[in-house]
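S.K.: Here's a structure for you.
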Amino acid sequence: MKDIKLERIQKMLQDESYISDSAIAMSVFLSMQLEKPLLIEGPAGVGKTEIAKVMAQALDTNLIRLQCYEGLDSTHALYEWNYQHQLLHLKIQEQKEKDVSKLESSIFSDKFLLKRPILQAITQDKSPVLLIDEIDRADEEFESFLLEVLSDWQVTIPEIGTIETTHKPYIILTGNRTRELSEAIRRRCLYLWIDYPDFEKELAIIKMKVPDIDKKLGEQICGFMKELRELKLEKTPGVSETIDWARALASMNMKHLDKQLIEDTLGVILKDWQDIRNTQNSLSELLDKTGVVSRII
């Protein structure tokens, strides 16, 4: 889709209710235009994964997700053979077919091939969006395996041979910087960093995702979250937590924040007991810094 325009990308994101900016739209545009993977890094919960979902919806194509984890290997990412079905097939056919080579070729066929995310992505009839999520959680050995896919758009299966894609997938890689990725991976990708949004952008996201929220409450939530992220927390809350908090308070028809309400609902935005305790201890200071909140209490 090399003929796609930057304006279409911006409209595509907007139509799918994704509050973007020029850097995000440009990165997605260039990734599609140059047919290169896009590596997106940033804190957890800032909307990295959402970009892949929005792209798949806007392009009316499949989203194929590979969730990375420590110990992930090519077998779970690429393919597996359905050994039980192969064995059953052999038992049935060995009475009919005496030619060993024919039996062997019959069991190593698409019928018994379990396609995992990467193989699924390069064998689609239409270019899908392949999301390789949290790549930094996988091992360096897995990165090496990815190089063939990212460089040549092909994978090699020993029993079958090399499979080349006819419809290149749009590849989005995300990472939270839990470890440093190899230079080889970075060289093959375009790069985008997404940070926590500023007050105005987060407020726009809240209005988009929770349209029935009270205007003052939305402003207070965004102001409080901005100050909260300045604390030294084990797990700093992202935009997804802000949205959850806004939805929770809006569902209770709240019009403004107060100290008791914040204390009672900290578990919506903070997921670590030490973070909750530290926030409770700093709550008065946070309210003082968040002008709109301190004036209403």
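S.K.: Report, ordered by chain and residue number, the aspartates and glutamates lying within cross-link reach of residue 226, taken as a straight Cα distance under 18 Å and ignoring same-chain residues fewer than 8 apart.
M.R.: 195, 198, 200, 202, 234, 241, 244, 258, 263, 275, 285, 288
S.K.: Moving on to the next point. Rounded to the nearest Å, what's the spacing between the alpha carbon centres of segment 212-236 and segment 1-34? Just the number, please.
M.R.: If we compute the Cα centre of each part, the gap is 28 Å.
S.K.: Rounded to the nearest 0.05, what FRET efficiency do residue 35 and residue 233 give with R0 = 35 Å and r taken as the Cβ-Cβ distance? Could you check?
M.R.: Details: r = 39 Å, r/R0 = 1.12.
That pair, residue 35 with residue 233, gives E of 0.35.
S.K.: Also: Which value in deg cm²/dmol, rounded to the nearest 500, describes the helix-derived mean residue ellipticity at 222 nm for the chain, given -39,500 (n - 2.57) per DSSP H run of n ≥ 4 and division by the residue count?
M.R.: Numbers: 17 runs with 151 residues, N = 297.
Theoretical 222 nm ellipticity from helices: -14500 deg cm²/dmol.
S.K.: List, largest first, the extents of the alpha carbons of the chain along their principal axes, each in whole Å.
M.R.: For the chain, the Cα extents along the three principal axes come out at 86, 44, 37 Å.
S.K.: Of 216/289; 209/289; 11/235; 209/259; 5/53, which ones are farther than 23 Å apart at the Cα?
M.R.: On the way: 216/289 17 Å; 209/289 26 Å; 11/235 33 Å; 209/259 25 Å; 5/53 20 Å.
Pairs exceeding 23 Å: 209/289; 11/235; 209/259.
S.K.: Could you give me the radius of gyration and the Dmax of segment 135-266, taking only the C-alpha atoms into account and expressing both in angstrom?
M.R.: My reading of the Cα-based Rg and Dmax gives 21.4, 65 Å.
S.K.: List the lysines whose Cα sits under 18 Å from the Cα of residue 115, skipping any in the same chain fewer than 8 residues away.
M.R.: By straight Cα distance, residue 115 reaches 126, 168.
S.K.: How big is segment 125-175 by the Kirkwood estimate over distinct Cα pairs, in Å? All intermediate terms of the calculation are to be shown ahead of the outcome.
M.R.: Details: mean 1/r = 0.0828 Å⁻¹.
In segment 125-175 this quantity evaluates to 12.1 Å.
S.K.: Just the number, please: percent antiparallel of the DSSP beta bridges in the chain, rounded to the nearest 5.
M.R.: Given both bridge residues lie in the chain, the antiparallel proportion sits at roughly 30 percent.
S.K.: Roughly how many nanometres apart are two label points built 7 Å out from the Cα toward the Cβ at residue 114 and residue 182?
M.R.: If labels sit at residue 114 and residue 182, their model points lie 2.6 nm apart.
S.K.: Expressed in nm², what is the orientationally averaged projection area of the convex hull enclosing the Cα positions of segment 199-292? Present the calculation step by step, with values, prior to reporting the outcome.
M.R.: Numbers: hull surface 20.9 nm².
Averaging across all directions leaves 5.2 nm² for the Cα convex hull.
Bear in mind that the values in this text are calculations on the coordinates, not laboratory data. The model shown is predicted, which means the values in this text are computed figures rather than measured ones. Note that we place each Cβ from the backbone using ideal geometry, even for glycine, and neighbour counts take in every protein chain shown.
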